[in-house]
Amino acid sequence: MKLRLELEVRNPGFHISHHDKLLLIGSCFTENIGNKFTQLKFNNLQNPHGILFNPVSVCKAIKEYVYNPTYTTSNLFYYNEAYHSWNHHSRYSDPVAEEAVNLINESTSAAHNYLKQADYLFITFGSAWVYTFTKEAQGAEEGKVASNNHKAPSSWFTKRLLSSPETVEMIKDMMQAVLSINPDIKFIYTISPVRHLREGLIENNRSKAVLIDAVHAIVNSNEQNCFYFPSYEIVIDDLRDYRFYSEDMVHPNYLASDYVWEKMVKAYMKEETVQLNKAIEEMNIAYKHKPFNESSNQHQSFLKSCLAKVLALKEQHPYLDFQKEINYFNKA
């Protein structure tokens, strides 16, 4: 008896390896998957503007990585004893305006250089609801979209739902800009399975519908360099159970994220990459091991054994950075 439907993800016609450069941008689900890449020593850069949810903000950020504009203190606004950018997450806010600007410019410049050489651009859209500025908003142009509200008063914003056609046009414009500096890059689109309950369940589903329709329109018209990874469908239709969500019933939990990651590995990576992932994960577990007695013969033997393994990995894969692990295991 079959009690659930399992979504099988097909290989898109390419394979991702540790030799590739990956740029990931979008919702908090982006960082869940991005952290998997980081733990397994893939070359990746995550959310240079911080977490972003809607297509307007994501596309605008990516275009800034293309054109590399320089922010000044005049681009910031002061609120709640800190300087903020309406285009960035609060991780780039600071009580000192010059410090905030430096953080923003350094991140954008690094993203510009990275994007020119990136092999894959992962884009995760979270919501089609946008918050536009009213006349009351400080340091903002009325009608423009905020990337982060920085806990500002609700009177500063007006909410509206993007349409699929306007979303398609802004994605096309963003892609054209990216291809102007990196014509060989591949775009991998996903829809975040995170529920945006602040808008309401019905409104969340309307939002996801806009994103799904727009993304598939883009992928279907750009089959050579655009691909869709079904993060949303894996969680919503395959797992399909609240036990795979955190206590807030909004964010997929670790088990769900791990399941999505396994689906990506199976579809997007060759067996040799999978085996290297396993070897690196073994090193990660050994690195995190907390001994009862650090001076014991047993632990010293453990360190020597791990050092030999990581040195062998380093010799086989000199392009990967194992220096942290080598330093740790070299305590024996």
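The values are calculated or read from the model by the stated rules, or taken from the named source; none is laboratory data. A quick note: this is a predicted structure, and the numbers were derived from the prediction, not measured. All Cβ positions, glycine included, derive from the backbone under ideal geometry; neighbour counts span all protein chains shown.
Summary table
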read-out	value
Flag if TYR287 is touching a helix residue (DSSP H, G or I) at 6+ places or on another chain (Cβ under 6 Å), surrounded by 12 or more Cβ atoms within 10 Å (Cβ to Cβ) and among the aromatic types (Phe, Trp, Tyr)	yes
Residue, surrounded by the most Cβ atoms within 10 Å (Cβ to Cβ), within the range 176-212, restricted to residues that are more than 18 Å from SER27 (Cβ to Cβ) and among the polar types (S, T, N, Q)	ASN182
The listed residue being in contact (Cβ under 8 Å) with a residue 40 or more places away in the chain and either small (Gly, Ala, Ser) or touching a His at 6+ places or on another chain (Cβ under 8 Å) (or both), out of SER221, SER155, SER147	SER147
Residues (at pLDDT below 90, assigned to a helix (DSSP H, G or I) and under 24 Å from ASP258 (Cα atoms)) located in the range 281-314	ALA286, TYR287, LYS288
Strands (runs of 3 or more DSSP E) completely within the range 99-203 that count 2 or more residues being touching a helix residue (DSSP H, G or I) at 6+ places or on another chain (Cβ under 6 Å)	120-125, 129-133, 186-191
Criterion violated by ILE191 - all others in (1) modelled with pLDDT under 95; (2) within 23 Å of the chain's Cα centre (by Cα) satisfied	(1)
Filter result for VAL215 (β-branched (Val, Ile, Thr), over 17 Å from the mean Cα position of the chain (by Cα), part of a helix (DSSP H, G or I) and crowded, with 20+ Cβ neighbours inside 10 Å)	no
Which listed residue is at pLDDT 95 or above, within 14 Å of the chain's Cα centre (by Cα), under 28 Å from THR134 (Cα atoms) and assigned by TED's automatic domain parsing to the domain that holds TYR189, from PRO95, PRO69, PRO48	PRO48
Every residue from the range 311-327 that is over 29 Å from the mean Cα position of the chain (by Cα) and in contact (Cβ under 8 Å) with a residue 12 or more places away in the chain	LEU311
Members of the range 29-45 found to be of a type in the set (D, E, K, R) and either more than 10 Å from the chain's Cα centre (by Cα) or not assigned by TED's automatic domain parsing to the domain that holds GLU262 (or both), listed by number	LYS36, LYS41
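Let's see how each residue does on (1) surrounded by fewer than 18 Cβ atoms within 10 Å (Cβ to Cβ); (2) aromatic (Phe, Trp, Tyr); (3) under 30 Å from ASN284 (Cα atoms); (4) touching an Asp or Glu at 6+ places or on another chain (Cβ under 8 Å):
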{"residue": "ASP20", "(1), (2), (3), (4)": "yes, no, yes, yes"}
{"residue": "PHE29", "(1), (2), (3), (4)": "no, yes, yes, no"}
{"residue": "PHE37", "(1), (2), (3), (4)": "no, yes, yes, no"}
{"residue": "LEU40", "(1), (2), (3), (4)": "no, no, yes, yes"}
{"residue": "GLN46", "(1), (2), (3), (4)": "no, no, yes, yes"}
{"residue": "PRO55", "(1), (2), (3), (4)": "no, no, no, no"}
{"residue": "CYS59", "(1), (2), (3), (4)": "no, no, no, yes"}
{"residue": "TYR78", "(1), (2), (3), (4)": "yes, yes, no, no"}
{"residue": "ALA82", "(1), (2), (3), (4)": "yes, no, no, yes"}
